[in-house]
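**Student:** Can you read through this structure? Questions will come right after.
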Amino acid sequence: MDEENPFADPGQVNPFMDPSVMQVSAQSTTVVAGLDDPFGAPSEPATVSVAPVITQPSAQITQPAVAPVSSTGYGAGYGAPAPPTSSYGGAGYGSGAASFNSQPPKQYGNEETMHKQEEINTEVLQPNAEKLVENEFRKREEDLERRERQLRDEQKRLEEARVYGDRVPNFPPLPKFFPCTPCVYHNIDFDIAPEHQLNVKRVFYHWQFTVICYLLNFIVCFGMICALGTKAGSAFGLSLLYAGLFIPLSFLTWYRMLYNAVRLDSSMRYMLFFFMYGFQIFVSGIAALGFNSGGFAGWITAFKTMEDNKALGVLGILVSLAWCANCLIAVYLIMQIHKTYRTTGQSMEKASGEFAASAGSNRNVAQAVLRSL
């Protein structure tokens, strides 16, 4: 039954009916489909007639939007060649076959290599990542420990400030059953500024070493009176006097003086410390020499005692070495403290002003000055 397109333009000529177009469309192109029968014998490659794509300039040929429906729906029924389209024409089939054949075969060797490479990368990168995490964790842990120590120290400092706010005496540390009680409050970490704590601690250790020297000197002199009798009586008596008198005086006159000078930033106390510490250096030098019957088991006394008792002579030599070391340590410390004294802005004028202020505030001193005038 002959049907016509009611929407077609009667005066329009079909461009695909042109003789040159029909001659080219009659030619066919052989394309290998690449499909084999897996159950039968090998067969010849199938051929598919593919019409080449002919592009027409849009300026020469213009078709309405319904023109492809007319040519596809009705022209194909009467044997007319179908217009090439991108979706249903020969070009579409050809492109589909070409894309099907252009897919490369699956390469298992490459995937295995990729898997192995991934495993190697994982083995190499994972330990490095673990080390980085571990180092970061260690740094954080050290930082937390440092902050915790600082908090503990600050808490201890505040606790001591609360307990010793009224400066309860705690030195020397005596047992509770002892009849005497501590005399002074002593806490270097709490009273002394951090930049001066090292010098104060050094002088405190030197005072302790001085106490040991006095005790050793007394022991040697006691052995001398036991071995030599009354010939060493004066040395024993003087050694006992030195130990009982100079040990507390050394603490009060030069160590405690430096402690308060640093704590109160007092130039006058610095001057008193230098004077008394110089006297301690002089005493240590005299004790190292050890004059006969002078109460010190120094070099002279040690060599003289060795003639009667070699054991006591050897002990006397050891005490002499201790006094020499004591003197040298004192010289070194007074030099270090004098450097610190110069850098803190202390001076003789400031010390004189402090002395005048303290003397003027003392009523007894003021009355004595007025009476002298």
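The values are calculated or read from the model by the stated rules, or taken from the named source; none is laboratory data. If you're wondering where the values come from, they're calculated on a predicted model, not measured in any experiment. Cβ placement follows ideal geometry from the backbone for every residue including glycine, while neighbour counts extend to all protein chains displayed. Surface accessibility is based on the protein's heavy atoms, side chains included, excluding ligands, DNA and RNA. Shrake-Rupley method; radii C 1.70, N 1.55, O 1.52, S 1.80 Å.
**Student:** Under 15 Å from the Cβ of Y277, count the other residues' Cβ atoms, weight Lys and Arg +1, Asp and Glu -1, and hand me the total.
**Tutor:** Value of the local net charge: +4.
**Student:** Let me ask you something else. I'd like the accessible area for L289, computed on protein heavy atoms only with a 1.4 Å probe and all protein chains in place. Round to 10 Å², please.
**Tutor:** Result for L289: roughly 80 Å² accessible.
**Student:** Could you tell me what percent of the accessible area of region 253-300 is made up of carbon and sulfur, with a 1.4 Å probe and every protein chain present?
**Tutor:** That share works out to 73 percent.
**Student:** If you don't mind, another one. For V184, list long-range residues whose amide hydrogen, built 1.01 Å from N in the peptide plane, is under 5 Å from its own amide hydrogen.
**Tutor:** HN-HN under 5 Å from V184: N170, F171.
**Student:** Give, as a single signed number, the net charge of other residues whose beta carbon lies under 14 Å from the beta carbon of L228, with Lys and Arg counted +1 and Asp and Glu -1.
**Tutor:** With Lys, Arg at +1 and Asp, Glu at -1, the net is +1.
**Student:** Projecting each Cα onto the charge dipole of region 198-347 (Lys/Arg +1, Asp/Glu -1 at the beta carbon, about the Cα centre), which of Y259, A322, G233 comes out farthest on the positive side?
**Tutor:** About the Cα centre, the residue reaching furthest to the positive side is Y259.
**Student:** Treating the beta-carbon of each Lys and Arg as +1 and of each Asp and Glu as -1, no other charges, what is the dipole magnitude of region 130-225 about its Cα centre, to the nearest 20 debye?
**Tutor:** Roughly 320 debye for region 130-225.
**Student:** I would also like to ask the following. If you place +1 on the Cβ of every Lys and Arg and -1 on the Cβ of every Asp and Glu, how big does the dipole about the Cα centre of region 250-314 come out, in debye to the nearest 20?
**Tutor:** So the dipole magnitude of region 250-314 works out to roughly 200 debye.
**Student:** Next question. Roll a 1.4 Å probe over the protein chains and send me the accessible area per residue for region 202-253 in Å².
**Tutor:** It amounts to 48 Å² per residue over region 202-253.
**Student:** So what is the accessible area of region 286-356 per residue, in Å², with the probe set to 1.4 Å?
**Tutor:** For region 286-356, the per-residue accessible area is 55 Å².
**Student:** To continue, here is another question. State the Kirkwood hydrodynamic radius of region 191-285 in Å, one decimal place, computed from all pairs of distinct Cα atoms.
**Tutor:** 14.6 Å
**Student:** Once label points are set 7 Å from the Cα along Cα→Cβ at both V168 and R146, what is their separation, rounded to one decimal in nm?
**Tutor:** It is 3.6 nm.
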